[in-house]
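S.K.: Here's a structure for you.
No lab work stands behind these numbers, since they all come straight from the coordinates. If you're wondering where the values come from, they're calculated on a predicted model, not measured in any experiment. Here the Cβ positions follow ideal geometry from the backbone for every residue, glycine too, while neighbour counts run over all protein chains shown.
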Amino acid sequence: MRKDKTKDKRPLSKKQKGFVADFIRTGNATEAVKKNYKVSSDATARSIGSENLTKPNILKEIKSVAEHIPNSLLLEKHLKLLRAKEVQRFIFPTRLKDDEIIDMVADAGFRVITIRPSPLGKMAFYSNDNPRAIKDGLDMAYKLKGSYEPEEINMRFKGYTDKQLGEFIFSKLSKTK
């Protein structure tokens, strides 16, 4: 069967353009589909998103936009993500004095932002690096720039029905999005 090459050269539809913009903004094909297509379920959105990411004209547009991201902007965003913080908390018994709590948190390597009473005890809030934000931001930037090779899954399956195999593969693919 011959593949129709004219499909690759068609301009993107309004939905596809929206998909590209939202995919670049979020890095999530399922969310990009939900914003631009009328879908009734997450499974349908995942399926359309996965299909869209195989279409040469959509991939070409994503790459085209990514190539226009200035390296200086990537560097600026990388630095911002490397400095990204998240707020965490320790809970201490109410009998402890604030100064004792501050010392204990400092011994753990953190600086207390504030201490607040709660039904659970005294909550000492502190900030630390947000490794998830750093990783996700860098991954997205490098993917957009084409620095990552496509992922390959090489597995052998024995004793599975076609349905079980399909469900397994679908679950693995949906985790990578």
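S.K.: Run the paramagnetic zone check for residue 86: 7 angstrom along Cα to Cβ, then residues of the range 19-33 with backbone nitrogen under 19 Å.
M.R.: 26-28
S.K.: Calculate, for residue 142 and residue 41, the FRET efficiency according to 1/(1 + (r/R0)^6) with r their C-beta to C-beta distance and R0 35 Å; round to the nearest 0.05.
M.R.: Rounded to the nearest 0.05, the efficiency is 0.65.
S.K.: Given a cut-off of 29 Å, name the pairs among 34/77; 135/163; 14/63; 143/163; 15/163; 63/163 whose C-alpha atoms lie farther apart than that in the structure shown.
M.R.: 135/163; 143/163; 15/163; 63/163
S.K.: At 7 Å along Cα-to-Cβ for each site, give me the label-to-label distance between residue 96 and residue 66 in nm.
M.R.: Taking the two extended label points, one gets 4.6 nm.
S.K.: Treat the count of other C-beta atoms within 10 Å as a stand-in for reagent exposure and order 87, 20, 33, 112 from fewest to most.
M.R.: 87, 112, 20, 33
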